[in-house]
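Undergrad: The structure that follows is given in the form of C-alpha cells.
Values quoted throughout were computed directly from the atomic coordinates according to the rules given, and no laboratory measurement underlies them. Only a predicted model underlies this, so the values are computations on that prediction, with no experimental measurement involved. Cβ placement follows ideal geometry from the backbone for every residue including glycine, while neighbour counts extend to all protein chains displayed.
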Amino acid sequence: SRRWGRAMAILKELEEKCATPAEKLKQVADAMAVEMQAGLSSEGGSKLKMLISYVDNLPTGNEEGLFYALDLGGTNFRVLRVQLGGKDGRIVSQEFAEASIAPDLMVGTSKELFDYIATELAKFVAQEGQDFQLPPGKKRQLGFTFSFPVMQTSIASGNLIKWTKGFSIDDAVGKDVVAELASAIERQGLNMSVAALVNDTVGTLAGGRYDNKDVIAAVILGTGTNAAYVERAKAIPKWHGPYPSSGEMVINMEWGNFRAKELPLTEYDKEVDAKSLNPGHQIFEKLVSGMYLGEIVRKVLCKMAEEACFFGETVPEQLKVPFILRTPDMSAIHHDSSPDLSVVGSKLKDILKISHTSLDVRKVVVEICNTVATRGARLSAAGIVGILKKLARDTANDGEGQKSVIAVDGGLFEHYTEYRKCLENTLKELLDDSVSESVIIEHSNDGSGIGAALLAASHS
Ligand code: ADP
Ligand code: MG
C-alpha cells in the first residue's frame, strides 16, 4: 500500500543517513587524532578537553592494604572495598554494594547528592567484616570514580566542568567534587579520606593495567561514552607541571564531546540533542551511548507512526513519551531470534501499548534498531582507531609482538552483544591484518571501581 511505501522510504532514508562506510570511518578516526593533538596543545584548543588526570603511574601489582572505592556513574553508583595482598597476594578479598540514583537527586542540589552518597558509603563501611584488615591507627582511604568532566588540580582534587548524561546540578559546577564529598563524609561522622579522584575511564585503565600490562587505553560504553589512554608526557604541550619520572601521563579524553563534519547526523539526532539537558554538547556521546540509542529509535518509530500510519490510524500515545524505549529494551528487540519475533511483539505491547503487530512491522522495528546500533558501534570503533593513530599504533611496526590492549567497560558493551560484535568486527575492518592481530579489546568487568581503589593505594 501507499502507507507501507512511505514507511519503507523513511527506513531507507534512515539507513542512508546513518551509513558509515569504512572510508568515512577512517576520516572520523583521522579527525579524532587531529582533535586529540589540538586538545593536548592548549587548554580549550579543541572540543576534546584531553584532561590531565595526574595519574602518571599505573598499578604495578605491588599495591597492598585495605582500600575503598566509590563509583558515581550515570545511573547507578557502587561502593566497594578490596583487600590487596601485594605482588603474590593480589586481590585477597573484595565486596561491593550498588544503589541507584533517584532521578530527582540528579537535578537537585550538590549537598543532597553527596549526602545521599556518603550515607550509602557509611552503611557499607559499617558492614566491614573480618576479611578486611586496616592496620591500627590508619585511616580508611577512598578512590573516588566520578564519570563527569573535571579539571583536576591534583590527584585528589578537581573542579567539575559540566554535567553530562542525565545530571544537572547547577550549584556543583565549578566546585571541587572531592571537597564536596569529603564534607558529606564528615557530616556522616565517617573517618575516611579521599586519596584519588579518577574518571571512570582512568579507573578502568588502571584496573585493566593491573591485570594486563599491555593495556594502553580504556573505553567506557555505558550510559555515556568516554576514553582515556597513556600519553607520553613530552607530547603534552599544555602540561607545565613537573615532568613525571615515568615519562607518562594518563589523559582523560572526554571523547563524548567529539564532533566532526563527518559524523552522520540525522534529523532524529538533532531532535534528541535539542531536547537534551545539554544541547550542542556531547554529540559523539549522543550517537554512540546507551542513554540515547533507544530514544533515537523511538523518534524514528514516531515519524513512521505520524507520516505512514505505521501502527494504525492514530499515533500510539506511549510512543510520544521521551525515553520510554530504553536501550536494554532496544537490545532485546534487536536480539530476538524467534521465528515470529515474539519478543519484539511483546516489547511493543508492554512498553508502547501497541498490540497485534504483523511480522513485517516487527522486522522493520528490528531493522531500525540494527541501523542505529550499528552506526554507534562503528563510530566507537573509529574512535579507538583514532587513539591508535595518535599513538602510531595503527600501522605495522617493528616493535615485534607489541600488543595494544584496550580495556572496555560499561553496561552497553557488556550486555548489547550485537553492538559489541559490530565494534570488534569494525575494528578489524579498519585496521590492516598485520595490525589487527595485535589490537585486543578486553572486557574489564568493573575495572573502574577496582582501578580507583588501586590508585588510592598508590597515592595514599
Ligand atoms: P553507568 O554508565 O551509569 O556507569 P553502566 O556502565 O552500568 O552504568 O551502564 C548502564 C547503561 O548501559 C544503561 O544506561 C544502558 O544504556 C546500558 N545497558 C544496560 N543494560 C543493557 C542491555 N541489556 N542492553 C543494552 N544496553 C544496556
Ligand atoms: Mg560507570
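Undergrad: Do any trypsin sites (Lys or Arg not before Pro) in segment 276-368 lie in a DSSP loop with no more than 14 other beta carbon atoms within 10 Å, and if so, which?
TA: Here the sparse-neighbourhood loop sites are K353.
Undergrad: Any idea what the relative contact order of the chain is, in percent, if you count C-alpha pairs under 8 Å spaced at least 6 apart?
TA: It rounds to 23 percent for the chain.
Undergrad: Using alpha-carbon pairs under 8 Å, 6+ residues apart, how would you state the relative contact order of segment 349-442 in percent?
TA: 36
Undergrad: Report relative contact order for segment 93-178 in percent, whole number only (criteria: Cα-Cα under 8 Å, sequence separation at least 6).
TA: Result for segment 93-178 is 30 percent.
Undergrad: Can you sort S448, S358, S460 from fewest to most other Cβ atoms within 10 Å of each residue's own Cβ?
TA: Listed from fewest to most nearby Cβ atoms, that is S358, S460, S448.
Undergrad: Dipole of segment 341-460 (Lys/Arg Cβ +1, Asp/Glu Cβ -1, origin at the Cα centre): which of I354, V343, V385 lies farthest to the positive side?
TA: Most positive-ward Cα: I354.
Undergrad: Can you give me the Cα centroid spacing of segment 100-148 and segment 236-266 in angstrom?
TA: Cα centroid to Cα centroid, the span is 29 Å.
Undergrad: Take the Cβ-Cβ distance between D433 and K24 as r, set R0 to 30 Å, and report the resulting FRET efficiency rounded to the nearest 0.05.
TA: 0.90
Undergrad: Take I333, I324, I450, I351 and order them by how many other Cβ atoms sit within 10 Å, fewest up front.
TA: Least to most surrounded, the residues fall as I324, I351, I333, I450.
Undergrad: Once the Cβ-Cβ distance between E98 and N397 is put in as r, and R0 is 60 Å, what FRET efficiency do you end up with, to the nearest 0.05?
TA: Working from the Cβ atoms, E equals 0.90.
Undergrad: Further, regarding this structure: Test of understanding: ordering H459, H356 by Cβ neighbours within 10 Å, fewest first, what list do you get?
TA: Listed from fewest to most nearby Cβ atoms, that is H356, H459.
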